[in-house]
Every structure is written in C-alpha cells, then in structure tokens.
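Asks: I'd like to ask you about the structure that follows.
The values are calculated or read from the model by the stated rules, or taken from the named source; none is laboratory data. Computed from a predicted model, the values in this text were never measured in an experiment. All Cβ positions, even for glycine, are placed from backbone atoms using ideal geometry, and neighbour counts span all protein chains on display. Surface areas here come from the heavy atoms of the whole protein model, side chains and all, with no ligands, DNA or RNA. Shrake-Rupley method; radii C 1.70, N 1.55, O 1.52, S 1.80 Å.
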Amino acid sequence: MPFRAVLRSEWTKLWSVRSTWWCTAIYVVAVGASGWLAAAGTDSSPQAAVAVQTALTGFGVGQLALVVLGVLVVSTEFASGMALVSLTAVPRRTRLLLAKTVVVLTYCLVLTVLLAVVCALAARTLTAVPGGVQPGDPDVVRTLLLQVGAAGLVGVLGVALGAVLRSTAGAVGIAAVLVLVAPPALALAGGDLAARISQGLPALRVGEDAFLAVATPWPVGMSVVAAWAVGVWLLGAVLLERRDV
Amino acid sequence: MIELAGLTKEYGTRIAVDDLTVTVHPGRVTGFLGPNGSGKTTTMRCVLGLARPTSGTATVLGQPYRALADPMRRVGALIDPRALHPGRTAYRHLLALAQSNGLPGARVDEVIELVGLESVADDRVRGFSLGMNQRLGIAAALLGDPDVLLLDEPVNGLDPEGIRWVRELLRDLADEGRTVLVSSHLMSEMEDTADHLVVLGRGRLLADVPMAELLGAHSAVRVRTPQGPTLADALRRAGGRVELEIDGALRVEGLDLTGVGDVAFLADVRLHELSRVTASLEAAYLALTDDDVEYRAVTP
C-alpha cells in the first residue's frame, strides 16, 4: 500500500463531495473580490509591497474557508461513520492522516498561489505605485509567499483540529476562536498579558501581518502559526492511533 | 483464517467481549450468532483493528490486521452499511477505496455490476435504501477479491431476492476456499447458509460447533402409539427422556430412531408413527442463549 495510492484515494474523496466546491467558491470569491475591490479603492501607495498587501485583505476572512475544509476532511469521516471503512482500507492511521494533510495542503497552496497572483495583478493594475508593482520585487514576492505559506498552515491546522475533536461543529468553533475571534478580542482587551497571549495564538495572516490581531514580525507570526499547526497535528495523530473508531 | 486468543474488550466496567478463543477456518461459512449486545460487532471491530482489545489477540491470516500490507486484497469487511459519506456517489466511494489499495479502476465497475447497482452508481448515497447500502457495502468488501470476509448482518434490510443472492454468494465464496464469517440475528438465514456456528452470549463463547451437530444435539424422536404409558415406561428404562405432546404423541430425547423402534418392539407396543424431529436453529439457539439474553422484555 504505497503512500501515493492513499494520496490518490484522498484526492478522489476531496473532490467527490460538494463541501469542497462550496469552500473553493467561497474562498475564491472572498479573496478575489475583496482583493480587487481593495485595490480599486486604493488610488496610490508609496510602496509596491504595501499595495499588494492591501489587495490581499480578503485572505483575512477568506482563510476560514480553508480551515473549514481542513476540518471537514477529517470530521465528516467520523460524523458519517466512513472512518470505519477508511481505516479498514488503510489501517495505518498516521499514514491516512498524513495523506489527508498532504492533499489539503496541496489544495491550499495551489489555490492560494493562483489567488495571490490575481491579487498582485489587481494591485499592479489598479493602484498607482512609484515604479509600479514589479513581479521581481523581493518585498512583493515575500509578501505573496508568506500569504501562500500562511494559507497552507491554517489548512493543516484545520485537519489537525478535525483529528483531535472529530466533530465538525466543535473543531470549526475552536478554529474560529483560535484564528479569528480570540486574537483581536485579546488585542482590544489591552494589557500586556492579553497582548502576549494574542501574539501566541495562530491568528490568520495577510501577507506579513496578523489579521485583526496584535502585530508581530512575520518570522515570529509564521513560527507561531506553524507551531500550532504542527503541535495540534501531532496530538491528532497520537489520538487517532490510540483511540478506538 | 481468523484467530482469536483470549480476546477481551472492556468499555469502562462493561465487558463487551469476555476471553474469547475461536478459530474461524477457511472453506466454510461460519455463522456468528448472539443476541443484541452479545459482542459480535465488537469482536469484528477488534479483528479489523478498529478497536483495541483490552487483552488477548485477534489475527487474520496469521497477522494483526493493522500489520497487513495490502489489507483489501486479504480481507473484505462490512461492519456498518450506513458508514458512508452521504454526499458521495456510489462509484466515487468505491473508487476512492480501490485507489487506496492500488486496485484497478476497472474492478470498481466489476463489483458494481456484481451487486447490481449499475443504475444508481452515479447517484449520491444519501438517497439509498438500507438494502442498497448493504449491496454497496458488500461491493466494497469484495473490491480486493479477498481471502477472508467479515460481514456484520449483511442481509439486514435486503428483500427476499437479495437475501437469496447473499446466501448464494457466501456459499460460492466459501466453496472457493475463502474464510467467511457472517453475523446475523436471523437464525433461519443461518440455518440455510452457515456450515459452522460460533455463538456468543454476553461476550462469552457459548458454542463453537458444526451446524449439523448443534441441530442434532437438540433434535428428538416423535413416536405415536395407542399404548402411550407402556411405551413411555419402557423408553425411560432404556434411558430416554420422554414428554407427552399435545396431540398425545411422545417426544423422546436421548434415543435415536432405531433405539426407540427397538424398545417399542421389545415392549410389544404398536406404533402409528415414528419420526425424527429436527430442531430448528431457532430452538437450539434459544436453548443456548436462554440465560444470556442481555435485553429481555419483561412479561407482565
């Protein structure tokens, strides 16, 4: 049972349910439309990277669709009982979870690359920047790559939460609190401690910035999101191996 | 071959399977019987590595299930026919399963045709009846052309034609030398299908016997005579257990046809009827599980 075979199977599963198409449509519309509107509403910008960052705004909320997709890929297996069949076909459970993760990660990365390019084109076309938005500008490229990386990580976080909680409502709820509600709420609450906690949560990111949260330099922010994704994933893998189905 | 050795599964303080040691052999259909809650499904889950035994072991083809390199080619299983993503079509469901074990896509079409779901293969399973789900589950179990089959209540929800089809399918699979373990609470079904029975009650093994032996042990001789009391005395002296039936005939256990006939001849008794009463599986099963029904309706 080569890993490639399990990957193919999970790819088929991903695209044979409607929720994937819904999440894709919501993500594309949220990111593409808001990006285009944000770029159109910004007449000029001092720097190319800032103009691109503005056009990426839609990723802030749009990424929730990726979290939901990641959760669903695992939680619907348990909600429907399909996990019985899947784990009978692929009894090496961590391998199954890894295949799901790779499939979701690939989906998030490919889709986000396409959308990031669209948003960069919007900024280039609609926002006046001295010297224009050049595709080779290292600041622009870094902003776009960070966006792609952050989107991949929240997808993995979704899969991981699905594996830990097994319940769609529970995992989506916790994910929303972790990435969307708690970081800005704590930032607004004020105080050093609240700000520190806010920085330690996996807030959705737009390019180099935490979305609606206490600002963190991008290496810190990305490390925090990555640590959450990997940490919860490992917990999910251990629980999946140990628990009965 | 499926081997259980001291298999025990506890859920909290409840013992679902209690020290079960059974070997299920290839080449015959083994019926897995027991009242609801007697541990049949839990046992199957342990065999498939879905539940971890509290103690003891379960192996398939000499290995723990989770160690099998290509499980679907070795073992086919149907645990819960409703265990499907409702939004996926039957074809995609089977295709994803086939792909996970590197089985060719053409095999999906074969099993769909085998179970007779061609006309609904591209429908989402949300609208399927229980019988259609059963057929889909059986298709999934057969995908890898496995050596061992475990089917939990596969005829539940099937129409009479479907039940006959499953019965013939199981018989053919066993005749091809495969190991077939099939659970059911439909005892009449088992009587026609199984060669061997494993009977559970409250998680414990009650019987592991050939079907014929179980039925034989609970069969009796029916004898009708105008000299009932004389014959009954003679039969009791010969070691038989005699009961008077409602129509005046005698029901004799512990002696076979020849024995009853000889006793009657020696006692100079005329016989109007001498016949064997084969116990139904239902009766034999009820006798076995009488003390072991976990959920019994209380008769007021």
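Asks: Of chain B, which part is the longest with no GluC sites (Glu not before Pro) in a loop (DSSP not H, G, I, E, B) and with at most 13 other C-beta atoms within 10 angstrom?
Replies: Answer - B:1-175.
Asks: Name the lysines eligible as straight-distance cross-link partners of residue A:100: C-alpha to C-alpha under 22 Å, and not fewer than 8 places from it in the same chain.
Replies: A:13
Asks: Also: Under the rule of -39500 (n - 2.57) per DSSP H run of 4 or more residues, summed and divided by the residues of chain A, what mean residue ellipticity at 222 nm is obtained, to the nearest 500 deg cm²/dmol?
Replies: -25500 deg cm²/dmol
Asks: What residue among B:198, B:47, B:252 shows peak mean-square fluctuation when chain B is described by a Gaussian network model with Cα springs under 10 Å?
Replies: With Cα springs under 10 Å in chain B, the top fluctuation among B:198, B:47, B:252 is at B:252.
Asks: Let me ask you something else. Under the Karplus relation 6.51 cos²θ - 1.76 cosθ + 1.60, θ = phi - 60°, what is the ordered set of whole-Hz ³J(HN,Hα) values for segment A:122-127, x standing for Gly and Pro?
Replies: 4, 4, 5, 7, 9, 10
Asks: Okay, next question. Under 10 Å, Cα contacts only: if you run a Gaussian network model on chain A, which one of A:156, A:179, A:140 comes out with the highest mean-square fluctuation?
Replies: Residue with maximal mean-square fluctuation among A:156, A:179, A:140: A:140.
Asks: Quick one: putting +1 on the C-beta of Lys and Arg, -1 on the C-beta of Asp and Glu, what dipole do you get for segment A:3-242 around its Cα centre, in Debye to the nearest 20?
Replies: 940
Asks: Of the heavy-atom accessible surface of the protein assembly as shown (probe 1.4 angstrom), what whole percent is carbon and sulfur?
Replies: The computed percentage sits at 59.
Asks: As I understand it, the dipole of chain A uses +1 on the Cβ of Lys and Arg and -1 on the Cβ of Asp and Glu, about the Cα centre. Which of A:11, A:65, A:179 lies farthest toward its positive end?
Replies: Among A:11, A:65, A:179, the one farthest towards the positive end of the dipole of chain A is A:11.
Asks: Projected onto the charge dipole of segment B:42-162 (+1 at Lys/Arg Cβ, -1 at Asp/Glu Cβ, origin at the Cα centre), which of B:142, B:158, B:53 gives the Cα projection farthest towards the positive end?
Replies: B:53
Asks: Around residue A:206, which amide H atoms from residues at least 5 apart in sequence, or from another chain, sit under 5 Å from its own amide H, with H modelled in the peptide plane?
Replies: Sorted by chain and number, the residues that satisfy this are A:211.
Asks: Using modelled backbone amide H atoms (1.01 Å from N, in-plane), which distant-in-sequence or interchain residues come within less than 5 Å of residue B:34's amide H?
Replies: B:184, B:200
Asks: Once phi is turned into ³J(HN,Hα) by the Karplus curve 6.51 cos²θ - 1.76 cosθ + 1.60 with θ = phi - 60°, what whole-Hz value does each residue of segment B:199-213 show in order, with x for glycine and proline?
Replies: Once rounded to whole Hz, the list reads 10, 10, x, 6, x, 9, 6, 9, 7, 9, 9, x, 3, 4, 5.
Asks: Can you list the HN-Hα couplings for segment A:206-220, worked out from phi with the Karplus curve (6.51, -1.76, 1.60; θ = phi - 60°), rounded to whole Hz and with x for Gly and Pro?
Replies: Result, ordered by residue: 10, x, 8, 9, 5, 7, 6, 9, 4, 5, 9, x, 4, x, 5 Hz.
Asks: Around residue A:168, what is the net charge, scoring Lys/Arg as +1 and Asp/Glu as -1 over all other residues with Cβ under 15 Å from its Cβ?
Replies: Around residue A:168, the charge tally is +2.
Asks: Give the lysines reachable from residue B:40 as a straight Cα distance under 19 Å; neighbours fewer than 8 places away on the same chain don't count.
Replies: Residue B:40 reaches B:9.
Asks: Between residue B:188 and residue B:69, take the C-beta separation as r, use R0 = 41 Å, and let me know the FRET efficiency to the nearest 0.05.
Replies: 0.55
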